[in-house]
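J.: Mind having a look at this structure? Questions to follow.
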Amino acid sequence: MKHYDVIILGAGASGLMCAAQLRQNSSLSVALIEGNNRPALKLKASGGGKCNLTNVEVDESHYLGDKNLVKNTLSFFPQKALLDYFKAGGLRPVIRKERYYFCPKSSDEVISILMGKANGCDLLLGHKILSVEGQSTFVITTDKGKFQTDRVVVATGGASYKELGASDIGLRIAQSYGIKTVPFSPALVGLTLQPREFWMKELSGISFPARIHVAGRSLDEDLLFAHRGISGLVVLSASLYWHRGEIVIDFAPDFDLNTLKNEKKSISTAIPLPKRFMKAFLEAIGLEDKGCNRLNPQEWEKLLSIRNYAMAPSGTFGLTKAEACRGGVACEEINPSSMESTKIDGLYFIGEIVDVTGELGGYNFQWAFSSAVVCASSITL
């Protein structure tokens, strides 16, 4: 049975970064065990194949999870350090919409840099992970054999994107050691509709900037109407914080309705939103599409709901459509200075397997890379 100083389970963003850090800063023997036949499939597919690496504004307020753990991890390897790291490897991220850092060409640029820096690790692809047993010396069982190690880094990700090999093996490993976990549930996912909002289904394909208020937060980005419900960047981020109950949508966040009081144009013409949406919205709230200056006080009150439309989604599009998961290894089970289990020496959890999830926009890759660097730095001390 081959022995390694460190075995990393999962060759995604966090696993590759951890391996790269270990190879660059130590002489430890390292193996990456990955169930897929290629590394970093989710990273490769993300962002339309261009990987949203991080965001212009990164702090713990954009994450669901223990704030101290997130803050400590991000401060150890912050956004600037991440950008400098990839720039040193020849990557020049580009900014989109003044907030998102993307690869200029493709996600392969990131993967190539990480694989280059992880050179010297044994990359064991196509090895389905079955179990982890033991302490001090751990035994990793795969469908192609067993391996021994002094330290195990679990970087197996969440349960979304099953077509890319995602599974709950990381949770099962934690549970086998009596470590508290939170079940995976969909995050960064579209929201389905109650019958009252079925009028939105007829608007499939229409998209425009909107603001959503949910769980005490306000989020701004594009909203997209879909056959199954509502989606788009603002809805995906809102879904992170929504469990049940109402959300409030501002369909015209930058428009002052008071400027219309003397406007002779019809409502659907005067408000700068897609006309198909406006007509459907007015019908849904029971308001005639007439000249704005002809609205009585009660009708004006109805129209104001375009700025604070309250609705209760019926659910989400589910794990198969989710960009990420809520849930994972409970934050209180992890030492924030090392990402090591507080119960089992030598067992570490990084990336999406931890119960930390960021909004859409590069936050989850930032977390994956930062938690990997914290872990690797602790191992090489």
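J.: Please list, ordered by first then second residue, the pairs with beta carbon atoms under 8 Å, 6 or more apart or interchain, first in segment 112-135 and free of Cβ contacts under 8 Å to residues at least 60 places away in the same chain, second part of a strand (DSSP E or B) and surrounded by 13 or more Cβ atoms within 10 Å (Cβ to Cβ).
T.: Partner pairs satisfying both residue conditions: Leu130/Thr141; Leu130/Thr142; Ser131/Ile140; Ser131/Thr141; Glu133/Val139; Glu133/Thr141.
J.: Can I ask one more? Go through the residues of segment 371-378 one by one and say whether even a single one is touching a residue at least 24 places away in the same chain (Cβ under 8 Å) and either open to solvent by 40 Å² or more (accessible area, probe 1.4 Å) or farther than 27 Å from Cys103 by Cβ (or both).
T.: Of all residues in segment 371-378, those touching a residue at least 24 places away in the same chain (Cβ under 8 Å) come to 371-378.
With the extra rule that they be either open to solvent by 40 Å² or more (accessible area, probe 1.4 Å) or farther than 27 Å from Cys103 by Cβ (or both), the set shrinks to 378.
Within segment 371-378, one or more residues are touching a residue at least 24 places away in the same chain (Cβ under 8 Å) and either open to solvent by 40 Å² or more (accessible area, probe 1.4 Å) or farther than 27 Å from Cys103 by Cβ (or both).
So that you can scan it fast, the table gives a plain yes or no per residue for (1) touching a His at 6+ places or on another chain (Cβ under 7 Å); (2) in contact (Cβ under 8 Å) with a residue 24 or more places away in the chain; (3) under 24 Å from Asp108 (Cβ atoms):
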residue	(1), (2), (3)
Gly15	no, yes, yes
Gln24	no, yes, yes
Val56	no, yes, yes
Ser61	no, no, no
Ala88	no, no, yes
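J.: Can we say Leu381 is out of contact with any helix residue (DSSP H, G or I) (no Cβ under 7 Å at 6 or more places or on another chain), open to solvent by 40 Å² or more (accessible area, probe 1.4 Å) and within 19 Å of Gly170 (Cα to Cα)?
T.: So Leu381 does not fit the description; no.
J.: Can you confirm whether segment 32-47 contains a residue that is within 28 Å of Ser239 (Cβ to Cβ), without any contact (Cβ under 8 Å) to a residue 60 or more places away in the chain and surrounded by fewer than 17 Cβ atoms within 10 Å (Cβ to Cβ)? Quick ask: steps written out before the conclusion?
T.: Going through segment 32-47, the residues within 28 Å of Ser239 (Cβ to Cβ) turn out to be 35-36, 40-47.
Checking which are without any contact (Cβ under 8 Å) to a residue 60 or more places away in the chain leaves us with none.
No - not one qualifying residue is present in segment 32-47.
J.: A further question follows. Looking at segment 317-357 only, could you name the residues that are buried (at least 19 other Cβ atoms within 10 Å of the Cβ), farther than 13 Å from Gly157 by Cα and of a type in the set (S, T, N, Q)?
T.: Hit for segment 317-357 is Ser341, nothing else.
J.: Still on this model: Being of a type in the set (Lys, Arg), out of contact with any strand residue (DSSP E or B) (no Cβ under 6 Å at 6 or more places or on another chain) and over 30 Å from Gly134 (Cβ atoms) narrows it down to one of Arg217, Arg211, so name that one. It would help to see each step written out before you state the result.
T.: Values: Arg211 fails: out of contact with any strand residue (DSSP E or B) (no Cβ under 6 Å at 6 or more places or on another chain).
So the residue among Arg217, Arg211 that is of a type in the set (Lys, Arg), out of contact with any strand residue (DSSP E or B) (no Cβ under 6 Å at 6 or more places or on another chain) and over 30 Å from Gly134 (Cβ atoms) is Arg217.
J.: While we're looking at this one, here's another question. Looking at segment 66-79 only, could you name the residues that are touching a residue at least 40 places away in the same chain (Cβ under 8 Å) and touching a helix residue (DSSP H, G or I) at 6+ places or on another chain (Cβ under 6 Å)?
T.: Those that are touching a residue at least 40 places away in the same chain (Cβ under 8 Å) and touching a helix residue (DSSP H, G or I) at 6+ places or on another chain (Cβ under 6 Å): Asp66, Leu69, Val70, Thr73, Leu74, Phe76, Phe77.
The values are calculated or read from the model by the stated rules, or taken from the named source; none is laboratory data. Quick caveat: nothing in here was measured; it's all calculated off a predicted structure. Glycine also receives a Cβ, built like all others from the backbone with ideal geometry; neighbour counts cover every protein chain displayed. For the accessible areas, the whole protein counts, side chains as well, though only heavy atoms, and no ligand, DNA or RNA atoms are used. Shrake-Rupley method; radii C 1.70, N 1.55, O 1.52, S 1.80 Å.
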